[in-house]
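Everything on this sheet refers to the single structure shown next.
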Amino acid sequence: MTEIAVLGTGRMGGAIARRLLATGHRVTAWNRTGDRAAATGAAVADSPAAAAARADVVITMLTDGPAVAEVLTAAAVPPETVVVQMSTIAPRETRAIAAGIPLFVDAPVAGSVDAVAAGTLTIFAAGAVERAGGVLQNLGEVRNVGEAGAGSAVKLMQNTAMLTALAGLRESLALAGALGIDRDLAAGLLAAGPLATAYRRAASTTADFPVALAVKDLRLTGFDGPVVSATLAALEAVPDQHADLAALVGPVR
Ligand SMILES: NC(=O)c1ccc[n+]([C@@H]2O[C@H](COP(=O)([O-])OP(=O)(O)OC[C@H]3O[C@@H](n4cnc5c(N)ncnc54)[C@H](OP(=O)(O)O)[C@@H]3O)[C@@H](O)[C@H]2O)c1
């Protein structure tokens, strides 16, 4: 049985801790604030270092690159322990963090809390993937995409594809309204058209990815490449930045 430490038990980290417990692993959780670690049912550590000390694999699932760097510095992970970094951060942030860690897996994910619970994430894994594959397979499909940094790059590409598709869905529904097309007719046609995947995401009632994190991800693309500025502007205009990403489109169900 693998000993796993999960550092950061927010929406995704909490779901990951619960899924790994449910699939028979021993899990120790640490979270910066509140009782979010205890709520997972895992053993609770009072510091990142205490969690990492007893682990074979340390998973980070935190908001952004600075949080990951800060927490991994505090964790002082032993060199023989595998670090699996699953937060969405920029490729250059990933490479900088990986440089100080001998066994590092860059493993951001596509899919929300519902996919974690079902073990159906897509994991864009890079680096020392063979050292963590057995754990990651409990969370979803592992796609080995190369060296550390490549996972983060692929994740930003995939997110940009989904976010621009959602923005396209929003535009299409706005046009339907302007042209007097019945809303249900428009929704039914769009659900079966070229934006079908975006439609399914907009209609999901079980995903939980706040607009603010989507904004963060689009801004990250600007570290290494172009920002899709029209989509970024659309996301920033959503009044409730804590609402699920579906709020970009509005109700489609
Ligand atoms: N939600 C999704 O559907 C989804 C899907 C794919 C990828 N992601 C990515 O997964 C990551 C986590 O997302 P989430 O939805 O789980 O976010 P979340 O619920 O807001 O959780 C964020 C976690 O990061 C911790 N944190 C933030 N700054 C920190 C710091 N400076 N030091 C220590 N801990 C810190 C928070 O601790 P506190 O509880 O103390 O605030 C919390 O545990 C993000 O990179 C996100 O882009 C999310």
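One table, with the values for the structure above:
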| quantity | calculated |
| --- | --- |
| Residue match in region 142-153 (condition: assigned to a helix (DSSP H, G or I) and surrounded by fewer than 13 Cβ atoms within 10 Å (Cβ to Cβ)) | no |
| Matching residues, region 92-134, being closer than 16 Å to Asn159 by Cα and of a type in the set (S, T, N, Q) | Ser112, Thr122 |
| Those residues of region 80-97 which are more than 15 Å from the ligand (Cβ to nearest atom) and either modelled with pLDDT under 95 or surrounded by 22 or more Cβ atoms within 10 Å (Cβ to Cβ) (or both), in sequence order | Val82, Val83 |
| Where Leu169 falls short, out of the listed (1) part of a loop (DSSP other than H, G, I, E, B); (2) in contact (Cβ under 8 Å) with a residue 12 or more places away in the chain | (1) |
| Residue identified as at pLDDT 95 or above and closer than 20 Å to Lys155 by Cβ among Val27, Val58, Val77, Val44 | Val58 |
| Selection within region 189-239 - part of a helix (DSSP H, G or I), within 16 Å of the ligand (Cβ to nearest atom) and small (Gly, Ala, Ser) | Ala198, Ala202, Ala203, Ala212, Ala214, Gly222 |
| Failed condition for Arg183, given (1) modelled with pLDDT of 95 or more; (2) over 27 Å from Gly10 (Cα atoms) | (1) |
| Scan of region 116-134 for residues that are crowded, with 22+ Cβ neighbours inside 10 Å, within 24 Å of Phe209 (Cα to Cα) and either in contact (Cβ under 8 Å) with a residue 40 or more places away in the chain or hydroxyl-bearing (Ser, Thr, Tyr) (or both), ordered by number | Val116 |
| Extreme residue, farthest from Gly188 (Cα to Cα), among residues of region 240-253 that are in a helix (DSSP H, G or I) and within 13 Å of the ligand (Cβ to nearest atom) | Leu245 |
| Residue list for region 66-99, filter: farther than 22 Å from Val135 by Cα and either touching a residue at least 60 places away in the same chain (Cβ under 8 Å) or of a type in the set (Asp, Glu) (or both) | Glu70, Ala90, Pro91, Arg92, Glu93 |
| Count of residues meeting criterion [more than 14 Å from Ala15 (Cα to Cα) and in a loop (DSSP other than H, G, I, E, B)] in region 33-58 | 9 |
| Answer from Ala176, Ala161 - the residue that is touching an Asp or Glu at 6+ places or on another chain (Cβ under 9 Å) and not assigned by TED's automatic domain parsing to the domain that holds Gly13 | Ala176 |
| Top-ranked residue in region 48-79 [being surrounded by fewer than 17 Cβ atoms within 10 Å (Cβ to Cβ) and touching a Pro at 6+ places or on another chain (Cβ under 6 Å); ranked as farthest from Ala17 (Cα to Cα)] | Pro79 |
| Looking only at region 67-79, and only at residues there that are small (Gly, Ala, Ser) and in a helix (DSSP H, G or I), the one that is farthest from the ligand (Cβ to nearest atom) | Ala75 |
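The values are calculated or read from the model by the stated rules, or taken from the named source; none is laboratory data. Quick caveat: nothing in here was measured; it's all calculated off a predicted structure. In this analysis, Cβ positions are derived from the backbone assuming ideal geometry, glycine residues included, and neighbour counts consider all displayed protein chains.
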